[in-house]
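Please treat every number below as a calculation from the coordinates, not as lab data. What you see is a predicted model; the values in this text were computed from it and never measured. We place every Cβ from the backbone using ideal geometry, glycine too, and count neighbours over all the protein chains shown.
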Amino acid sequence: MAKSLISLMMWTSGKKLFSERKAETFFNLLEGDILYAQQYALLNRESVRIIFDNDHHRYYSKGHYFEGKIFERMVSDDIFFEGTSIGYRIKFTTAGSLSQSGTLGININGEKYKVVFYLGSGRFKWSKL
């Protein structure tokens, strides 16, 4: 009985740790991709959008003039984007600044997070709800 209780406690804490690491990894990748899109917009003097797509478990970037995708990042099946004030996309202007501020909800392994994008800077912060 005691062994099964200890095993259950270890499994629960291990699952939580895995979920937290998965979120940290995801947000680190997202930060790098947002910075890349911002730099692309600035260097090429082209507006750039990042689109969050639940149907295909991905987010990707498209330029105003560039025909294809600038980048595409596949995400695992347990990551869902929840459009809030900005919908399911962010847009960088030709000057490399965000065209609007707002929030995006992200659900990772059943845990909810809020991402706040700040107008102009291209910076964002995320927090667990």
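Here are a few things to note about the model shown:
- Tensor-based shape of the stretch 54-129 (alpha-carbon gyration tensor, a/c under 1.5 rounded, otherwise prolate or oblate): oblate
- The candidate values were (i) 1.08; (ii) 0.95; (iii) 1.10; the one computed from these coordinates for Rg/Rh (Cα atoms, Kirkwood Rh) carries the label (iii).
- Neighbourhood net charge (12 Å Cβ-Cβ; Lys/Arg +1, Asp/Glu -1) for R58: -3
- Helical runs (DSSP H, four residues minimum) scored at -39500 (n - 2.57) apiece and divided by the length of the chain put the mean residue ellipticity at 222 nm at -12500 deg cm²/dmol.
- Exposure proxy order (Cβ contacts within 10 Å, fewest to most) of Y113, Y59, Y65, Y36: Y65, Y36, Y113, Y59
- Environment charge at E46 (Cβ cut-off 14 Å; Lys +1, Arg +1, Asp -1, Glu -1): +4
- Spin-label pair D78-A95: with each label point 7 Å from Cα along the Cα-Cβ axis, the two points sit 4.3 nm from one another.
- C-alpha center-to-center spacing [the stretch 67-88, the stretch 93-129] in angstrom: 12
- All other residues whose Cβ lies under 14 angstrom from that of L119 are scored, Lys and Arg at +1 and Asp and Glu at -1, for a net of +3.
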